[in-house]
1. Ordering A:E307, A:E91, A:E40, A:E177 by how much accessible area each has at a 1.4 Å probe, largest first, what is the list?
2. Principal axes first, then extents: for the Cα atoms of region A:267-385, list largest minus smallest coordinate on each axis, whole Å, largest first.
3. Using the Cα centre as the reference, give the magnitude of the dipole from point charges on the C-beta atoms of chain A (Lys, Arg: +1; Asp, Glu: -1; all else neutral), rounded to the nearest 20 debye.
4. If you average over every viewing direction, what projected area does the convex hull of the Cα atoms of region B:125-218 give, in nm²?
5. Taking each residue of A:215-225 in turn, how many C-beta atoms of other protein chains fall within 10 Å of its C-beta, and what is the average?
6. How large is the direction-averaged shadow of the alpha-carbon convex hull of the protein assembly as shown, in nm²?
7. Share of the protein assembly as shown's accessible area from carbon and sulfur, percent, 1.4 Å?
8. Given springs between every Cα pair under 10 Å in a Gaussian network model of chain B, which of B:V309, B:V61, B:V339 has the largest fluctuation?
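The values are calculated or read from the model by the stated rules, or taken from the named source; none is laboratory data. Quick caveat: nothing in here was measured; it's all calculated off a predicted structure. Virtual Cβ from ideal backbone geometry, glycine too; neighbours counted across all protein chains shown. Accessible surface areas use protein heavy atoms only, side chains included; no ligands, DNA or RNA. Shrake-Rupley method; radii C 1.70, N 1.55, O 1.52, S 1.80 Å.
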There are 2 protein chains.
Amino acid sequence: MNKSFIRFFSKVVNSEVKSFKFSDISVRLASPERLQPKPEVKALQFGKHFTDHMLKIEYHVRAGGWQAPIVCPMEYISLHPAAKVLHYAVELFEGMKAYRGKDGKIRIFRPELNMARMNLSASRSCLPQFDAEEMIKCLCRLISIDQEWVPHSEAASLYIRPTLVGTEPSLGVASSESALLYAILCPVGPYFGTSSEAEAVSLLADPNFIRAWPGGVGDRKMGSNYAPTIKIQEQAHKKGYQQVLWLYGEDNQITEAGTMNIFVVIKNTKGEKQLITAPLNGLILPGITRQSIIQLAKEWREFEVIERVITMPELLHLSKENRLIEVFGSGTACVVTPVKRIFYRDDALEIPTMEQQDPIFRRMLKTITGIQYGDIEHPWARPID
Amino acid sequence: MNKSFIRFFSKVVNSEVKSFKFSDISVRLASPERLQPKPEVKALQFGKHFTDHMLKIEYHVRAGGWQAPIVCPMEYISLHPAAKVLHYAVELFEGMKAYRGKDGKIRIFRPELNMARMNLSASRSCLPQFDAEEMIKCLCRLISIDQEWVPHSEAASLYIRPTLVGTEPSLGVASSESALLYAILCPVGPYFGTSSEAEAVSLLADPNFIRAWPGGVGDRKMGSNYAPTIKIQEQAHKKGYQQVLWLYGEDNQITEAGTMNIFVVIKNTKGEKQLITAPLNGLILPGITRQSIIQLAKEWREFEVIERVITMPELLHLSKENRLIEVFGSGTACVVTPVKRIFYRDDALEIPTMEQQDPIFRRMLKTITGIQYGDIEHPWARPID
């Protein structure tokens, strides 16, 4: 693991955290007549279909902290209208996936990193932390119960959404003395609604809108990072762009795209390939797919891998010199998604990502999905029991 | 009204908004045995006691938009676990108060400004807007039903919390096709738990933490502005400071304090008093109390009122020259609250706010509460029917 990532995650877990325990879990199954029909893989829309069960773990300071984990039928959550999550955005989440391989086994991908990041988000939100491995066991139990929902397809997967919200019923901007940690599951197809063969997306880069800033929480997966982006995202959609590419600073640094980290493949002045991505400087989310790409590329030893600030003017310059080779995004939902165009300062920058003979993005997509679906044996993929 | 405020609110209401109508309201009263005992004024804690009823108005694109307003017994809200408010902080709120005067009448203060601001927050959050006057009538009806909850005291009031949250049950960062607008009521005493005679507070100003930034949503009352402040606020508490004073930029501009706008009274080099507050440049919330203070002070014509950037180094300089006279905060919850100390760069700046003979903050507090409680006849106070 590279240093910045180790530094990042070593800040994480307070070993004194008194966690819930998987061994306390209770399961209440949905009655057979309540089980939902499973949609066809082709008909899957991201985040619109839910499985039959969910995981719930309550936290109450006055009841000694974490309560026993419960798997129960998927049901509405009942919140006091003054619950802090509804007023002050005391909320955070993670995104993970379960994959069904040709061998029939169901695997999850580096869940310990998601849970470490979730604990970081919890700490920043004054919400309670927990033991990552206990939570992973609870999630595996939930997935196991709803295992028939994991699509029988390598073009789809089961999206896992662990969520932690502050439920204390009192107005006043302060930490929440009660909380609900829960997880729901969604069978999903490709994030951008394209086919399994990755199709390139277009991004809108408008320097007038800023996602995150130094002294803020842009590197934590808190709900508050998302609401302000929705309107800008809608404007991008109307103009025909799938995502916003968030810039920062007077030099228009490329940060991330809200649901994806961004990678750029260039040729340096000696004609050597380099893979560049923004550093973990507080302005971007520390993506697990991002980290995996960096680690894999370093293992390949075929080109230099650099975490550094890269700006839009630099991209324009590289493009002019025909040294801009690929741009792609990475994320749990979108996996690895090529970028073909960035609209910036009234001009479209065309990127020859899809015109490469053997592009890095495609090899990376193949390797990562190969690991996730078990075609490639790798310690990052963890079979559920 | 001053120009920046007019400009601010003229952006507001789309007259094509298809609003709910007060005339469609239905009322379901709590049964007598469910009515809660009313706490004594002395025992009131901010935002912890709730009245017997609430207002609820649902919005569903697929059902034609806004549904009929409902007043019902205070009850838990039932949300799908994928509701957008729980993941992406699609939520916003307002803070208002109802005051019981010596004449027994209950008044609300400039509610049209709160509703205009709420519509601005809704627009920025891709949530539905509504007709301000229809909503005010619904709120008045709710207050009227729970009128015995409006404290019989000029040291207390009934806090009104209109809230709008995105309820669409789908993961994916996008606008919400369904929403819930609701309002709850809390009898409250002084915000900082001090007596009705205002006591001075201390603020922590740490340049390492930034509340809002250009290109963000710091001027909208969205939940996403609050979650990131809680941890910093707790650190301030531990150090003995009531609030954080949020700075911005390399020059450490004074912006606001999260629940208060900030005013500074200085003497200029000619020895003339000036009242200074940060401008509406996107970094601060456009407070209704802030605006009222500016308007009143301008009517008084006794000193200059200036909306401009003022920095911490400038404050230190003014203090050294004995030209820093008062600092105070303003907000619906805290009304007008004097500031006695700001901790900044390892040093405490002592402010002689409480040592003035006839300080502006006290006269302002008296005037505004006088209007709110009906001791001073003024068009800003609107009696409820």
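1. Working: A:E307 50, A:E91 0, A:E40 135, A:E177 80 Å².
Accessible-area ranking of A:E307, A:E91, A:E40, A:E177, largest first: A:E40, A:E177, A:E307, A:E91.
2. Taking the Cα atoms of region A:267-385, the three principal extents are 52, 31, 22 Å.
3. With Lys and Arg at +1 and Asp and Glu at -1, about 180 debye.
4. Working: hull surface 40.9 nm².
For the Cα atoms of region B:125-218, the hull's average projected area reads 10.2 nm².
5. Details: counts 12, 7, 6, 1, 0, 2, 1, 4, 11, 12, 6.
Mean number of neighbouring Cβ atoms from other chains: 6.
6. Values: hull surface 139.0 nm².
Averaging across all directions leaves 34.8 nm² for the Cα convex hull.
7. Working: 14610 of 30640 Å².
In the protein assembly as shown, the share of accessible area belonging to carbon and sulfur is 48 percent.
8. Between B:V309, B:V61, B:V339, it is B:V61 that shows the largest mean-square fluctuation.
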